[in-house]
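Student: Sharing a structure below in structure tokens format, with a few things to ask.
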Amino acid sequence: MDISRYEDHGQFCSGHAACGGCVEALTMRVILNEIGPDAVGVVAPSCTAVILGGYPTSSARIPFIHGLIETAAAMGTGVKRGLAAQGKGDTTVVCFAGDGGTYDIGIQALSSAAERNEDILYVCFDNEGYMNTGGQKSSSTPHGAATGSTPLGKATVKKNLIEIMVAHRIPYIATASPSHLADLAAKVRKARAIRGMKVLIVVIPCLPGWGVADDSAVRVARLAVESGVFPLMEVENGTTWRIASEQTRPIDAYLASQKRYRHLSDGEREALQAEVDAGFARLKALEAINPG
Amino acid sequence: MNRMLNDDLQLLNGNHAVAWGVRLAGPDVAPVYPITPQTPILEKLIAFQAEGKFDCDLITPESEHSAMAAAVAASATGARVFTATSSQGLMLMHELLHYASGARMPIVMFNVNRTPAAPWGFWPDQTDSLSQRDTGWVQLYSEHPQESLDTVVQAFRIAEASELPVMVNHDAFYVSHAVEPVSVPEAKAVRDFLPRRERSLWLDTGLGRSIGAPAGQEAWHASRREMDAAMARVEGLTREAGRLWGEATGRAYDVLEAYRMEGAQQAFVTMGSMAGTAREAVDRLREAGIAAGMVRLRLFRPLPAAALRAALADIPVALVLDRNFSPGMGGIVHQELAAALYGHGGPRLHGFLAGVGGINVPVERLEALAREYRDAAPTHAPIWLE
């Protein structure tokens with residue numbers, strides 16, 4: 001997307017509370033503009049809630065209910081059903097949560113909403129840890145990444161939320177990246193038109209949490225996509241897989257762009273490369289046997 | 001028995017009476033998770049829906065936590081919302097109970113009072129709801145199925161007028177599963193009693209107003225001052241609802257019930273189904289020439305302190321019967337009553353842990369208690385009844 005020609009609909013306001021250079025604000029802007037004014041939001045405690053702002057201000061034009069950290073999907077359910085009961089069933093309900101509120105404490109409510117195929121768009125801003133509380137590991141933190149609670153690097157792999165959601169056979173699951181904003185906008189547009197549960201996972205390189213330079217979050221996100229660490233993909237109804245990005249470079253530049261991997265030995269880096277290669281190959285294989 | 005039943009009377013257990021009240025109140029959304037001994041409420045509502053008699057969106061989430069989260073969010077859109085639970089479920093909701101009242105959501109919840117684990121038990125005990133005392137929910141306690149039906153309808157009126165959530169409670173099995181003849185009011189009478197009100201804050205497109213956003217100290221402080229002011233109106237709203245319900249159905253209610261308190265020299269004070277036993281004990285004591293009475297607390301939060309003081313003003317002895325237990329302190333109604341009376345004189349107080357865990361408290365035991373404590377000096381420590 002050529003940002004200089006981006007047609008902004010004013011659904012996300014300036015003066016928000018994101019860190020300077022944070023790409024979560026950028027993705028929120030694209031998502032909220034794409035969703036438009038006929039929408040109600042739910043936000044879990046997260047960086048997103050901070051960016052939306054405190055009473056009496058809000059950086060979003062649509063109203064939000066600031067829920068509890070594990071309740072985004074359950075509150076999304078309640079908002080949707082409440083609106084529908086009053087004849088406003090066409091209003092889009094969007095949930096914003098972080099990876100802590102999604103992969104960890106909120107996964108029970110998320111699984112339940114997915115099982116009921118609630119008509120909500122659930123967006124997880126995945127910065128791979130509890131970054132709003134100063135940077136502790138979540139179950140989304142990748143193997144080897146250092147956080148406040150895994151100073152030597154996380155010993156286990158990132159939870160595979162995509163496949164967990166695929167197992168629920170919901171209509172739409174997609175990943176997106178702030179490095180590919182036109183793709184993000186297209187996915188939001190597509191999700192909005194689908195009735196039922198939609199889950200969108202957006203990678204958000206966290207400037208302080210990952211140890212990323214203030215001007216390079218978009219670049220780091222692009223490296224995540226191009227190295228196959230965070231592929232851009234869609235799964236519809238659990239059966240139609242599309243892996244839209246290619247693995248075009250090794251992970252070295254991606255790892256080097258952040259402080260959370262700098263403790264890794266050469267051997268550990270090679271092992272991570274092998275993990276990423278195997279993961280990408282697995283996705284391509286799943287795509288091949290699930291063409292829709 | 002059947003001679004008692006006229007057209008509007010049905011034989012209903014306490015939970016089915018609640019479901020009838022809910023059906024008549026007509027909530028838009030009801031997220032409910034099953035738990036013994038609440039489940040018959042949910043099952044009856046689903047049966048009503050299947051018959052096409054209950055036009056409500058029933059949500060079946062994976063936990064009580066999500067049930068209350070969905071209830072809060074649905075209420076935030078302006079919908080009328082009901083849920084029901086018991087014991088572990090209520091306690092799992094705990095953080096959301098605070099949220100619901102802080103966000104001023106007029107949700108009505110029915111809780112069936114049941115022992116909390118451990119050890120596991122399914123017995124009548126009010127510790128589950130009484131330990132939610134400070135969550136900002138209005139709490140009412142019902143004695144019998146008819147009152148449960150009547151109170152759940154009144155609860156919607158109280159909640160929507162105060163913009164506070166209301167929890168109505170009755171005892172597991174003794175009320176929830178006890179079958180009694182219950183008068184089911186006409187739908188129109190309930191509709192007239194429960195007009196839809198405009199909410200002062202709700203989520204809607206085009207409004208751009210958020211709910212629950214982080215607030216500074218001053219705004220947070222103000223939110224509690226506003227809750228306090230709303231709570232201060234609840235006693236009057238409860239009286240008004242009870243009076244208007246009486247006009248509509250012939251069954252009026254107050255925030256507390258005074259039974260044979262004229263000239264009483266001692267009074268039992270209790271809540272819930274224990275009142276039935278106490279009432280019988282009072283009758284027998286009166287027959288034996290002992291001037292006993294009973295005060296049954298119906299509204300527990302906000303505590304109608306002045307009404308309690310007035311009801312007990314000239315009574316030398318009050319025997320508080322708590323079917324609940326706060327370890328380290330004793331019975332919760334006893335503590336509350338002591339606090340309400342402090343500095344105002346009032347009766348000598350004795351607090352009894354009566355029927356904790358659901359054990360039977362026979363009428364004879366209460367009669368003996370009344371005789372035993374007629375002239376006793378006040379006791380501060382709780383007394384366990386075997």
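The values are calculated or read from the model by the stated rules, or taken from the named source; none is laboratory data. Everything numeric in this text was worked out from a predicted model, so none of it was measured. Neighbour counts are summed over all protein chains in view; Cβ atoms, including those assigned to glycine, are modelled from backbone coordinates with ideal geometry. To get the accessible areas, we keep the full protein, side chains included, count just its heavy atoms, and leave off ligands, DNA and RNA. Shrake-Rupley method; radii C 1.70, N 1.55, O 1.52, S 1.80 Å.
Student: Could you size up the charge dipole of the stretch B:2-249 around its Cα centre, putting +1 on the beta carbon of Lys and Arg and -1 on that of Asp and Glu, and report it in debye to the nearest 20? Please list the in-between numbers first.
Tutor: Numbers: 20 positive and 30 negative charges, 70 e Å.
Roughly 340 debye for the stretch B:2-249.
Student: Starting from the exponent 0.38 and prefactor 2.2 Å, build the expected Rg for the stretch A:95-197 from its residue count and divide its actual Cα Rg by it. Write down the numbers at each step before the final one.
Tutor: Working: Rg = 14.5 Å, N = 103, 2.2 N^0.38 = 12.8 Å.
That ratio works out to 1.13.
Student: For the stretch A:82-94, take each phi angle, set θ = phi - 60°, evaluate the Karplus expression 6.51 cos²θ - 1.76 cosθ + 1.60, and give the result in whole Hz per residue in order, putting x for glycine and proline.
Tutor: Result, rounded to whole Hz: x, 5, 4, 5, 10, x, 10, x, 7, 5, 6, 10, 10.
Student: Just flag the GluC sites (Glu not before Pro) in the stretch A:1-44 sitting in loop per DSSP whose Cβ has no more than 14 other Cβ atoms within 10 Å.
Tutor: Working: sites: A:GLU7, A:GLU24, A:GLU34; in loops: A:GLU7.
Hits after loop and neighbour filter: A:GLU7.
Student: Continuing with this model, one more query. For chain B, what does the helix formula give at 222 nm: sum of -39500 (n - 2.57) over DSSP H segments with n ≥ 4, over the residue count, nearest 500 deg cm²/dmol? Before the final figure, lay out the partial values.
Tutor: On the way: 13 runs with 155 residues, N = 386.
Helix contribution divided over all residues of chain B: -12500 deg cm²/dmol.
Student: How big is the dipole moment of the stretch A:3-289 about its Cα centre under a simple scheme where the beta carbon of each Lys and Arg is +1, that of each Asp and Glu is -1, and everything else is neutral? Debye, nearest 20, please. Walk me through the numbers before you get to the answer.
Tutor: Working: 28 positive and 29 negative charges, 78 e Å.
Computed charge dipole of the stretch A:3-289: roughly 380 debye.
Student: Under 5 Å between amide H atoms, partner at least 5 residues away or on a different chain: which partners does B:LEU58 have, H built in plane at 1.01 Å?
Tutor: B:ALA30
Student: Another question, if that's okay. Under 5 Å between amide H atoms, partner at least 5 residues away or on a different chain: which partners does B:ASN169 have, H built in plane at 1.01 Å?
Tutor: B:ASN111, B:LEU140, B:TYR141, B:SER142
Student: As a test of the definition: with a 1.4 Å probe, what buried accessible area, both sides summed, do you compute for B against A, in Å² to the nearest 100? Working shown, then result.
Tutor: Numbers: alone 15940 and 12340 Å², together 25710 Å².
Between B and A, the summed buried area is about 2600 Å².
Student: Taking the stretch B:240-339, which GluC sites (Glu not before Pro) meet the DSSP loop condition and have no more than 13 other C-beta atoms within 10 Å? Could you put the intermediate results ahead of the total?
Tutor: Details: sites: B:GLU240, B:GLU247, B:GLU257, B:GLU262, B:GLU280, B:GLU287, B:GLU336; in loops: B:GLU262.
Taking the stretch B:240-339 and a limit of 13 other Cβ atoms within 10 Å, the loop GluC sites (Glu not before Pro) found are B:GLU262.
Student: Computed over the Cα atoms, what is the radius of gyration of the stretch A:4-104 divided by 2.2 N^0.38 Å, N being its residue count?
Tutor: Values: Rg = 13.6 Å, N = 101, 2.2 N^0.38 = 12.7 Å.
In units of the globular-protein estimate, the stretch A:4-104 measures up at 1.07.
Student: Ok, one more. So which residues of the stretch B:187-226 lose at least 20 Å² of accessible area, probe 1.4 Å, when you go from the chain by itself to every protein chain present?
Tutor: For the stretch B:187-226, once contacts with the other chains are taken into account, B:LEU203, B:ASP204, B:THR205, B:GLY208, B:SER210, B:ILE211, B:ALA213, B:PRO214, B:ALA219 lose 20 Å² or more.
Student: Still on this model: Heavy atoms only, probe 1.4 Å: what % of the accessible area of the protein assembly as shown goes to carbon and sulfur, would you let me know?
Tutor: On the way: 13550 of 25710 Å².
Here it works out to 53 percent.
Student: Something else about it: For chain A, what is the Kirkwood estimate of the hydrodynamic radius, computed as the reciprocal of the mean inverse distance between distinct Cα atoms, to one decimal in Å? Please report the intermediate quantities before stating the final value.
Tutor: On the way: mean 1/r = 0.0525 Å⁻¹.
It is 19.1 Å.
Student: What list of ³J(HN,Hα) couplings, whole Hz, do you get for the stretch B:85-102 from phi and the Karplus terms 6.51, -1.76, 1.60, once you set θ to phi - 60° and write x for glycine and proline?
Tutor: 7, 6, 6, 4, x, 5, 6, 5, 6, 3, 5, 6, 4, 4, 4, 4, 6, x
Student: Okay, next question. Which whole-number percent is the relative contact order of chain B (Cα, under 8 Å, 6+ apart)? Spell out each step's value before the answer.
Tutor: Values: 807 pairs, mean separation 59.2, N = 386.
It comes to 15 percent, rounded to a whole number.
Student: Which value, in Å², gives the accessible area per residue of chain B when a 1.4 Å probe is used on the protein heavy atoms? Spell out each step's value before the answer.
Tutor: On the way: 14670 Å² over 386 residues.
Heavy-atom accessible area per residue stands at 38 Å².
Student: Any idea what the relative contact order of the stretch B:256-384 is, in percent, if you count C-alpha pairs under 8 Å spaced at least 6 apart? Could the numbers behind the result be given before it?
Tutor: Details: 242 pairs, mean separation 35.0, N = 129.
RCO, the stretch B:256-384: 27 percent.
Student: Given a 1.4 angstrom probe, what's the average accessible area per residue across the stretch A:3-289, in square angstrom?
Tutor: On the way: 10660 Å² over 287 residues.
Dividing the accessible area of the stretch A:3-289 by its residue count gives 37 Å².
Student: While we're here: On a 0 to 90 degree scale, rounded to 10, what angle separates helix A:217-226 from the longest Cα axis of chain A?
Tutor: Once rounded, one gets 70 degrees.
Student: If you don't mind, there's one more thing I want to ask. Given a 1.4 Å probe, show me the residues in the stretch B:44-81 buried by at least 20 Å² of accessible surface when comparing the whole protein assembly to the chain alone.
Tutor: Listed in order, they are B:ASP57, B:ILE59, B:THR60, B:GLU62, B:HIS65, B:SER66, B:ALA69, B:ALA70, B:ALA73, B:THR77.
Student: Continuing with this model, one more query. Using the Kirkwood formula over every pair of different C-alpha atoms, what hydrodynamic radius in Å results for chain B? Mind dumping the intermediate values first?
Tutor: Working: mean 1/r = 0.0470 Å⁻¹.
Roughly 21.3 Å, rounded to one decimal.
Student: Return the calculated 222 nm mean residue ellipticity for chain A, to the nearest 500 deg cm²/dmol, obtained by summing -39500 (n - 2.57) across DSSP H runs with n ≥ 4 and dividing by the residue count. Present the calculation step by step, with values, prior to reporting the outcome.
Tutor: Details: 9 runs with 100 residues, N = 292.
Theoretical 222 nm ellipticity from helices: -10500 deg cm²/dmol.
Student: Determine the distance separating the Cα centre of the stretch A:22-54 from the Cα centre of the stretch A:231-292; give it in Å without decimals.
Tutor: 27 Å
Student: Which is farthest toward the positive dipole end of the protein assembly as shown among A:ALA109, B:ILE158, B:ASN360, measuring Cα position about the Cα centre, with Cβ charges +1 (Lys, Arg) and -1 (Asp, Glu)?
Tutor: B:ILE158
Student: Just to confirm the filter: which GluC sites (Glu not before Pro) across the stretch B:103-194 are DSSP coil and have at most 15 other Cβ within 10 angstrom of their Cβ?
Tutor: Numbers: sites: B:GLU143, B:GLU147, B:GLU160, B:GLU163, B:GLU186; in loops: B:GLU143, B:GLU163, B:GLU186.
Sites meeting the loop and neighbour criteria: B:GLU186.
Student: How much accessible surface does A:ILE289 have with a 1.4 Å probe, in Å² rounded to 10?
Tutor: For A:ILE289, the solvent-accessible surface is approximately 120 Å².
Student: Follow-up. Stokes-Einstein D for the protein assembly as shown at 10 °C, 1.306 mPa s, Kirkwood Rh over Cα pairs, in µm²/s? Could you put the intermediate results ahead of the total?
Tutor: Values: Rh = 27.3 Å.
Estimated diffusion coefficient is 58 µm²/s.
Student: Something else: If you average the sequence gap of Cα pairs under 8 Å that are 6 or more apart and divide by the length of the stretch A:69-152, what percent do you get for the contact order? Write down the numbers at each step before the final one.
Tutor: On the way: 127 pairs, mean separation 24.2, N = 84.
Dividing the mean separation by the residue count of the stretch A:69-152 yields 29 percent.
Student: A follow-up question, please. Suppose we keep just the alpha-carbon trace of the stretch A:50-113; what are its Rg and Dmax in angstrom?
Tutor: Cα radius of gyration and Dmax of the stretch A:50-113 are 12.6, 34 Å respectively.
Student: A 20 angstrom limit on the alpha carbon distance is what I want to check against. Which of A:LYS137/A:LYS159; A:LYS137/A:LYS259; A:LYS154/A:LYS187; A:LYS88/B:LYS188; A:LYS80/A:LYS198 exceed it? Walk me through the numbers on the way to the answer.
Tutor: Details: A:LYS137/A:LYS159 12 Å; A:LYS137/A:LYS259 15 Å; A:LYS154/A:LYS187 31 Å; A:LYS88/B:LYS188 26 Å; A:LYS80/A:LYS198 13 Å.
Distance filter (> 20 Å) returns A:LYS154/A:LYS187; A:LYS88/B:LYS188.
Student: When averaged across all projection directions, what area in nm² does the alpha-carbon convex hull of the stretch B:256-384 cover? Mind showing how you got there, number by number?
Tutor: Values: hull surface 28.2 nm².
Average projection, Cα convex hull of the stretch B:256-384: 7.1 nm².
Student: Right, here's the next one. Quick one: which residues, 5 or more positions from A:HIS263 or on another chain, have an amide H under 5 Å from its amide H? H modelled 1.01 Å from N in the peptide plane, none for Pro or chain starts.
Tutor: Hits under the 5 Å cutoff: none.
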